[in-house]
1. Would you confirm, using the coordinates I've provided, whether Leu99 is modelled with pLDDT of 90 or more, farther than 21 Å from Ala27 by Cβ and in contact with a Lys or Arg (Cβ under 9 Å, 6 or more places away or on another chain)?
2. Among Asp35, Asp48, Asp44, which is the only one that is closer than 22 Å to Ile126 by Cβ and surrounded by fewer than 18 Cβ atoms within 10 Å (Cβ to Cβ)?
3. Are any residues in region 59-101 surrounded by fewer than 15 Cβ atoms within 10 Å (Cβ to Cβ), under 26 Å from Lys10 (Cα atoms) and not small (Gly, Ala, Ser), and if so, which ones?
4. Give region 3-18 a look and list any residue that's surrounded by 15 or more Cβ atoms within 10 Å (Cβ to Cβ) and among the basic types (Lys, Arg), or say none.
5. Among the residues of region 23-60, which ones are among the small types (Gly, Ala, Ser) and in contact (Cβ under 8 Å) with a residue 12 or more places away in the chain?
Amino acid sequence: MLKEVYDFNKIRNGFKYDRELEMAMYAEEVKEFFDANTTAERLDALVDCSYVRMGTMLKLAYNNKSVNNLPYERNVEQIMVSILVEEIGQELFDRVIRLAEEIVCDCNSKKLIKTNKNGKVVKGDIPDATKLIDEMLKDKFEERDAILNAQAKKQQEIFDSYTQDSTKNP
């Protein structure tokens, strides 16, 4: 994802660093996470926070400033991850986070290189990342449920064969 963030920021603004804008973009994504009603919305907001943070770090590095001077607290993302892991489980989170990052990066690469008066990129006709993440999550939930059902069926077959054997051989 870092390469995509690098390319986006290089094209978008040549790594121009504006502390206030960086704080505002990050705060907006944090608010989106906590205002979200669905797992897909929360996952999208988490990836967006990471995207903004990586962009900020690249801009700081380009402008010869310490990347340790982020204008916001990164622990917020760790809290978001913990919430999502509790919500969907660690194994599923590990599988979907990279897919969500790919979706967000793909959508961001399709943004127009126009900015509003605050310097924020104006979206053109791009796919809805949250909708795409929601579709991906549904697929992953179905895959997980199919695996769990197959495991439960196999366990039941083993149990049934064991109980049949134990009734034949008292």
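1. yes
2. Asp35
3. Selection gives Asn63, Asn64, Lys65, Val67, Asn68, Asn69, Glu73, Arg74, Arg98.
4. Passing the criteria: only Arg12.
5. Result: Ala24, Ala27, Ala40, Ala45, Ser50, Gly55.
Residues checked against (1) under 16 Å from Ile97 (Cβ atoms); (2) touching an Asp or Glu at 6+ places or on another chain (Cβ under 8 Å):
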| site | (1), (2) |
| --- | --- |
| Arg19 | no, no |
| Met25 | no, no |
| Glu29 | yes, yes |
| Tyr72 | no, yes |
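Conditions tested, residue by residue: (1) closer than 23 Å to Tyr6 by Cα; (2) at pLDDT below 90.
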{"residue": "Phe34", "(1), (2)": "no, no"}
{"residue": "Thr39", "(1), (2)": "no, no"}
{"residue": "Cys49", "(1), (2)": "yes, no"}
{"residue": "Ser109", "(1), (2)": "yes, yes"}
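The values are calculated or read from the model by the stated rules, or taken from the named source; none is laboratory data. Small disclaimer: the values here were computed from a predicted structure and weren't measured. No Cβ is skipped: glycine too gets one built from the backbone with ideal geometry, and neighbour counts run over all protein chains shown.
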